[in-house]
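None of the figures in this text is laboratory data; all of them are computed from the coordinates on show. Predicted model only: the values in this text are computed from it and were never measured. So basically every Cβ, Gly included, is an ideal-geometry build from the backbone, and we count neighbours across all protein chains shown.
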Amino acid sequence: MVIRKDVRRAVKLVRDVVASRKAQHRLRGPLKARELRADNHFKIAVYFADGPVNMYQMRQWYQPLATLATTWPVLVLSRTGGGTLQLMDESPIPVAYARTVPQLEQIVAEQDIRIVFYVNQNPRNFQMMRYGRCWHVFINHGESDKMYMITNQFKAYDYSFVAGDAALARLDRVLWDYDFDKRAIKIGRPQADYFSGELPYTPDQRQVVLYAPTWEGDRAAAAYGSVATHGIALVTALLATGAHRVIYRPHPRSGVVDHRYGAANKTIIAAIAAANARDPSAQHVYDSGPDLGWQLAAADVAIVDISAMVYDRLATGKPLIITRPVNPTAVIDTSGYLSDCEWLPTEQAADIAGQVERLTHDDAAVERLQGWVQRYFGDTTPGVATERLHAAVQHLMDEWDRFAAVHDADIAIVPDPTSNTGDAK
């Protein structure tokens, strides 16, 4: 078993190196065709040091950032070749490739970056956080009660944009000596203002059920994925009823750590294809597309794992079911919504049709859900969260101006790329 894992790691390493070299070669053309303006044009940067596998962390911010860019020009700072190629293909805002620290410094020198957004906790974030004359703001890639959301790493940033009161309460339990009033700014879930899109099926009398599991996690405490424990049974059951339409949207990292999850994912995809072949009118959907939003808005009921998908769906105010992790050491924060949610144990996965039917007609469950929506996101009236995001950015821009005036006479110190802030490559 150990040898097999070592072989898989070696194969993955070789593939990563080959992919990186291919990306470097392909980028030579696009970069020449998309020279950046060197006139202090961009005011906001979104720092992304990951590759295509974590692109979902950026995609959910595309529309809010594109809207924000109409007021404050926004630039994505991408650090990997593969990630840059993907972003150049799909990002609605400009992208700059900075493979090395000197390249990053050149871009910073040419622009008037006042706010830097971070969507994850990549260790290479610290290569950007050396710059003191801008606000470093953690915006995350979703709202959830996962252990990722209660890390002391929040303190590394000048500010954090959080969804609502639930996020503040969650952080208050773990962060010592943290100025919540100043550094944690509530903005709701602006992504929900863009939960729309063209449906890949024709609506009919079928009840639409979204199954959007997370990946298996890289440690037992974060083993929230259900593809290998619940997925095959529940999807098979829903496909068999003739009364449901399944939208299956697996996490892009499914099977990266545990091959059983990859195998289960393939089994589910094959089952959906077979069901559509038997009955083309069923129009079940295997969704691996970059856009997230229409699935959450269109589904009558959603089945998700403990992940940001819980709270993306919660922002719609529509019924959802949470799979209960099988691993007993998986950390579950039961101080929030997960203390009052609709759980699906693995032994009930095959009876998912019955569970969906019960929840659909449970008025008390709907009322409880609305209370949690308010606690997590505040006012979910369309457009309100977008207004709060813009107001938060305006506040930080005003603060930047205030501090810039105070320190106008200071001598700017340019960070040394040879300092021990991370590998310059």
Original post:
Which distance in Å, rounded to a whole number, links the C-alpha centroids of the stretch 127-194 and the stretch 266-281?
Top reply: 41 Å
Original post:
How much length is gained on full extension from E357 to N327, taking 0.36 nm per residue of separation minus their Cα-Cα distance?
Top reply: 8.1 nm
Original post:
So what's the projected area for the stretch 209-264, the Cα convex hull averaged over all directions, in nm²?
Top reply: 3.6 nm²
Subject >> Candidates K182, K43, K266, ranked by Gaussian network fluctuation over the chain, Cα under 10 Å, top entry >> reply: K182
Original post:
In sequence order, what are the phi-derived ³J(HN,Hα) couplings for the stretch 310-327 according to the Karplus relation 6.51 cos²θ - 1.76 cosθ + 1.60 with θ = phi - 60°, rounded to whole Hz, with x for glycine and proline?
Top reply: 4, 8, 4, 5, 4, 5, 7, x, 10, x, 8, 10, 10, 6, 8, x, 7, 5
Original post:
Sequence-distant or interchain residues sharing an amide H contact under 5 Å with V208, placed H: which?
Top reply: R245, D300, V301
**OP:** Return the long-range amide H neighbours of A184 (sequence gap of 5 or more, or a different chain), with a cut-off of under 5 Å between placed amide H atoms.
**Re:** S160
Original post:
Just P345, P280, P319 to compare: in a GNM of the chain, with alpha carbon springs under 10 Å, which one fluctuates most?
Top reply: P280
**OP:** Evaluate the Debye formula for the stretch 207-377 with equal point scatterers sitting on the alpha carbons, no solvent, and hand back log10 of I(q)/I(0) at q = 0.20 Å⁻¹, in q order, two decimals.
**Re:** -1.46
**OP:** Taking only Cα atoms and a 10 Å spring cutoff, compute GNM fluctuations for the chain and point out the largest among A308, A385, A275.
**Re:** A275
Subject >> Relative contact order, percent, the stretch 308-403 [alpha-carbon distance under 8 Å, six or more residues apart] >> reply: 30 percent
Subject >> Diffusion coefficient, µm² s⁻¹, Stokes-Einstein with Kirkwood Rh over alpha-carbon pairs of the stretch 160-291 at 25 °C and 0.890 mPa s >> reply: 141 µm²/s
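Let me have the 222 nm mean residue ellipticity of the chain computed from DSSP H runs of 4+ only, each contributing -39500 (n - 2.57), with the sum over all residues rounded to the nearest 500.
-12000 deg cm²/dmol
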**OP:** Go through 310-316, 355-361, 72-78 and give me the packing order, highest mean Cβ count within 10 Å leading.
**Re:** 310-316, 72-78, 355-361
Subject >> Debye intensity ratio in log₁₀ form over the Cα atoms of the stretch 287-352, taken at each q of 0.14, 0.19, 0.25, 0.26 Å⁻¹ >> reply: -0.45, -0.81, -1.20, -1.25
Subject >> the stretch 207-377 - percent relative contact order, Cα under 8 Å, separation 6 or more >> reply: 27 percent
Subject >> For peptides 238-249, 398-409, sequence by mean Cβ density within 10 Å, most packed first >> reply: 238-249, 398-409
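Given the convex hull of the Cα atoms of the chain, what is a quarter of its surface area in nm²?
On the way: hull surface 89.9 nm².
Mean orientational projected area (the chain, Cα hull): 22.5 nm².
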